[in-house]
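The values are calculated or read from the model by the stated rules, or taken from the named source; none is laboratory data. Source: prediction; values computed, not measured. When we count neighbours, we look across all protein chains shown, and the Cβ atoms used for this are built from the backbone with ideal geometry, even at glycine.
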Amino acid sequence: MFDIGSLEIEKIIFHEVKKQKIGPKKDPPIFSEIESDLDDAAKNVIKSRIILTIGSPKSHDIIFSSGDSSPVPEIVKYFLKKRNNDSSNIIPDFVKKSKIIAQHLNNIQTGVNPGGFVTIIIGKNKKYNLVALLKIERDEGVRLEETVKDGKKTFKINNIKDLILTKNTKFFKISLFRSDTTEEGKYSGMICDNQLSGKTDYANFFLKQFLGCNLTDDPLIKTQDFYDVSMNFFKQKVDDPVTQSKYRLHLFSYLSNEGNMIQPRKFASSALQTNHRDSYEKYLIDKGVGIKDIIRNTALIDRSIKSMFLEFENGIKIIGNQDKFEENVKTEQLVNGDTKAEVISRLKKQ
């Protein structure tokens, strides 16, 4: 994650892409022929929305992948290199190359993907040059209208606040890339999908097919890290064994649900006692897991989270499926420090 609090928008252009019908024939995009001429108020509204979104826990670090057919990585690198080598803000083929990006998005649109405006932005933040690619919903509330300026087609925003802030208008997806002006060839990026509908759509359509990128952190590994570090926290930082077992059970239940995202802060607030929440979040940060949202993939820990166990110092163990454990196993901390466990069920015939 990188700070974009001083983001300045220098160039921006909108192209409209279509929701496509089933079949090989594609409806063509509607291109702008010149850059959009936005006033400072309009730029500030867009800038604040980008900062708010990319700075949220729902954003993820991304990197360019190799071997993908998307033209986006090379065009983004080209824009950033031009800005690094020339501070005059002149990129003669900005419009031409932005059309290639819009055409690519339009080509991979299907009947599932809503139409909207693909928005290409070039800007800077302190020593970094930036390129942002946004997809914005095309809705009745959007005041983005096709017009002509100096004989060239463009899109005119009648009221930027209606475009960005209307209840019917959403930033579908936002990506932001930067290069370090002090180190040539170094690029990093972030993505936020405000309408995340599932892991397949997220990983394949916008991230891979359109942007030609991969997530920097593999969700498989990040999910396992979250599980391992959480379990270590319960063991090392929670003294009461009954509370430990409750926390483990909450963790297993949380990771076993069908949600696509792991939200560490939400888990802490719903599963942990107030006196453990801050130290738990700090522990996650200190151990490199962090408190940003994680795309859930439990393949490496499925066997662990489907069972629950209690082990006593006298060698007795209680083992069972986690979905039955909370209902049928009751624990109580006794005044002498022992733990009383009660199993409520019928004995299985041997």
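Worth a mention:
- The single condition among (1) under 22 Å from Ala341 (Cα atoms); (2) free of Cβ contacts under 8 Å to residues at least 12 places away in the same chain; (3) in a helix (DSSP H, G or I) that Asp278 does not satisfy is (1).
- Every listed requirement among (1) assigned to a loop (DSSP other than H, G, I, E, B); (2) in contact (Cβ under 8 Å) with a residue 40 or more places away in the chain is met by Lys25 save one, (2).
- Sub-7 Å Cβ pairs linking a first residue in the range 288-305 that is in a strand (DSSP E or B) and aliphatic (A, V, I, L, M) to a second residue that is surrounded by 20 or more Cβ atoms within 10 Å (Cβ to Cβ) and modelled with pLDDT of 90 or more, at least 6 apart or interchain, are Ile294/Lys222; Ile294/Thr223; Ile294/Phe226; Ile294/Ile262, ordered by first then second residue.
- Scanning the range 44-62 for residues that are assigned to a helix (DSSP H, G or I) and either buried (at least 19 other Cβ atoms within 10 Å of the Cβ) or not charged (D, E, K, R) (or both) yields a total of 10.
- Scope the range 249-296; condition β-branched (Val, Ile, Thr) and within 20 Å of Asp217 (Cβ to Cβ); matching residues: Ile262, Ile285, Val289, Ile291, Ile294, Ile295
- Being hydrophobic (A, V, I, L, M, F, W, C), assigned by TED's automatic domain parsing to the domain that holds Gln224 and modelled with pLDDT of 95 or more holds for only one residue in Leu310, Leu272, and it is Leu272.
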